[in-house]
Amino acid sequence: MYNDNPTLVGINKKIDEAKQGQVFFKESEEAKAGKHFYIESYGCQMNFSDSEIVASILGEAGFQATRNIEESDLILINTCSIREKAEETVRKRLRVFNKIKDTKPGTLIGVLGCMAERLKAKFLEEEKIVDLVVGPDAYRDLPKLVATAEDGEKGVNVFLSREETYADISPVRLGTNGVTAFISIMRGCDNMCSFCVVPFTRGRERSRDAYSIVAEAADLYENGYREVTLLGQNVDSYKWAHPEGTEEVNFAQLIERVALVHPDLRVRFSTSHPKDITDEVLYTMAKYENICNYIHLPVQSGNSRVLKLMNRTYDRDWYKERVEAIYRIIPECAISSDIIAGFCTETEEEHQETLSMIEWARYSMSYMFYYSERPGTLAERKYEDDIPLELKKRRLSEIIRLQNHISLEHNKRDIGKTFKVLIEGNSKKSDLDWKGRNSQNKMIVFKKEANTQPGDYVKVKITDATSATLKGHQV
Ligand code: 5AD
Ligand code: SF4
């Protein structure tokens, strides 16, 4: 769920190198006179989505977004805690912001997101330049906290809510291509995977009002968008009950409602949990052409003992059964995964089982990491982080090598096929080429034909493939 390059490790920087600081914002007259903010996002798609909520809240309060960090009065960094590396990246950025503050002392610096939540007021001691520390459920409080900070007092709110879903806030689309957008459908996570810091930084799981989700999708469609990705840490446990008790909506019903917004609006979602993904979801995906044939189904490890230590609550056989169900009900479906190498006590044989799972499940791609112990997690408290770094890295490189090979094979099988592709924009390498995705979420690059533009669906025949991209021509 973190980026579209299957081979990248230490992913937290990545998307962001492409996107960070790219803020597009309609200038209202009121805002022009007011103050400017600049926001950078790291980590998962949820953080990028949250930054759009932050932009909306600050916009309402008269702040205008800017892409020029030098002209901003308020610099915000939306942070990720998932691995140590992610936090290091943020601290490095803070040092850069510090230099800017040296030349413009009035500039306020705010830390948002998971690191803010994890470190709370401690952040202010550790990083003296920080003026604001705001957790993921406290963004409505930002205008007040900024005002406090302007008066010279540090502003902190890391209160985690059981209700906040920002359902009523219309996100301001940042760095948008005008074609694809994220919609956050739930917040928090109740799963307590032993390696994961998310339940501590994002709090309890709660689902957003289904009507507000459908309305946001419809609004995006009206505004020219052609693809929405529904976001949650564990989308399959989405459950929203009407406050008057008149109806309950589960995830399968939600994707159906979003699919019905318009047949030309593609629906994607992330992340699915192997213990929760139901056949009902799979049948709904099969029923609607515009629900994409792609499931991100993190396995984490291919070995049942390690999965138990990870508290994933499924074993190897359960996972394989779910993969079989996917290929049976949606034969054209692509599956991707998250994999952790070198979790506590993992043996060589257990690592081999992860490798064999990659081959067996035929992942189109995976996000691959070595285990990074996080303070406060169950694993940190219960198990020794006993796999030496060198060994973790070796296992990870074996995983990456195999996945690259499987991705290449997966992609080569597409040569000669024709796909319906949604054009997203110029390819990275050439303005003469479009890039877009097929239903399986594969990036496809092809020559621009006359009278085509981003947001169009076109048929593309595949002629060439690498492990990361397909190439073809319009037919
Ligand atoms: N170390 C390494 N990888 C982790 N992930 C989550 N926590 C850790 C950790 N402590 C990975 C998992 C998860 C993805 C978002 O990040 O694979 O699915
Ligand atoms: Fe973390 Fe597990 Fe929740 Fe994903 S499902 S956010 S890995 S605790």
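The values are calculated or read from the model by the stated rules, or taken from the named source; none is laboratory data. Since this is a predicted model, take the numbers as computed values, not measurements. Please note: Cβ atoms are built from the backbone with ideal geometry, for glycine as well, and neighbour counts cover all protein chains shown. Heavy atoms of the whole protein, side chains included, go into the accessibility calculation; ligands, DNA and RNA do not. Shrake-Rupley method; radii C 1.70, N 1.55, O 1.52, S 1.80 Å.
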Legend entry - Exclusive hit being assigned by TED's automatic domain parsing to the domain that holds R312, away from ligand 1 (no atom under 16 Å from the Cβ) and touching a strand residue (DSSP E or B) at 6+ places or on another chain (Cβ under 7 Å), set S356, S366, S407, S439: S407
Inset, instruction - With the condition kept exactly as written, say whether any residue in segment 185-194 is within 29 Å of K382 (Cα to Cα) and open to solvent by 40 Å² or more (accessible area, probe 1.4 Å). - result: yes
Inset, instruction - Within segment 209-219, identify whether any single residue is assigned to a loop (DSSP other than H, G, I, E, B), among the acidic types (D, E), open to solvent by 20 Å² or more (accessible area, probe 1.4 Å) and within 16 Å of ligand 2 (Cβ to nearest atom), and answer yes or no. - result: no
Inset, instruction - Could you check, for segment 379-398, whether at least one of its residues is closer than 22 Å to T271 by Cβ and within 16 Å of ligand 2 (Cβ to nearest atom)? - result: yes
Inset, instruction - Inspect segment 363-380 for any residue being of a type in the set (V, I, T), modelled with pLDDT of 95 or more, under 22 Å from the mean Cα position of the chain (by Cα) and not in a strand (DSSP E or B) and give the result as yes or no. - result: yes
Inset, instruction - Quick one: N177 ticks every box in (1) within 30 Å of Y457 (Cβ to Cβ); (2) of a type outside the set (G, A, S); (3) open to solvent by less than 20 Å² (accessible area, probe 1.4 Å); (4) touching an Asp or Glu at 6+ places or on another chain (Cβ under 7 Å) except a single one, so which number is it? - result: (3)
Legend entry - Cβ pairs under 8 Å, 6+ apart, first in segment 210-233 and farther than 15 Å from F251 by Cβ, second among the hydroxyl-bearing types (S, T, Y) and open to solvent by 10 Å² or more (accessible area, probe 1.4 Å): E216/S170; D219/S170; Y225/T180; R226/T180; R226/Y457; E227/T180
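Please go through segment 160-174 and pick out each residue that is touching a helix residue (DSSP H, G or I) at 6+ places or on another chain (Cβ under 9 Å), surrounded by fewer than 17 Cβ atoms within 10 Å (Cβ to Cβ) and over 30 Å from G436 (Cβ atoms). Write out each step before concluding.
Step one: list which residues in segment 160-174 are touching a helix residue (DSSP H, G or I) at 6+ places or on another chain (Cβ under 9 Å), which gives 160, 164-174.
From the residues that got through so far, the ones that are surrounded by fewer than 17 Cβ atoms within 10 Å (Cβ to Cβ) too are 168, 170.
If the condition is that a residue be touching a helix residue (DSSP H, G or I) at 6+ places or on another chain (Cβ under 9 Å), surrounded by fewer than 17 Cβ atoms within 10 Å (Cβ to Cβ) and over 30 Å from G436 (Cβ atoms), then D168 is the only one that fits.
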Inset, instruction - Specify the residue that is farthest from Y367 (Cα to Cα); the eligible residues are those in segment 232-242 that are open to solvent by less than 10 Å² (accessible area, probe 1.4 Å) and assigned to a loop (DSSP other than H, G, I, E, B). - result: Y238
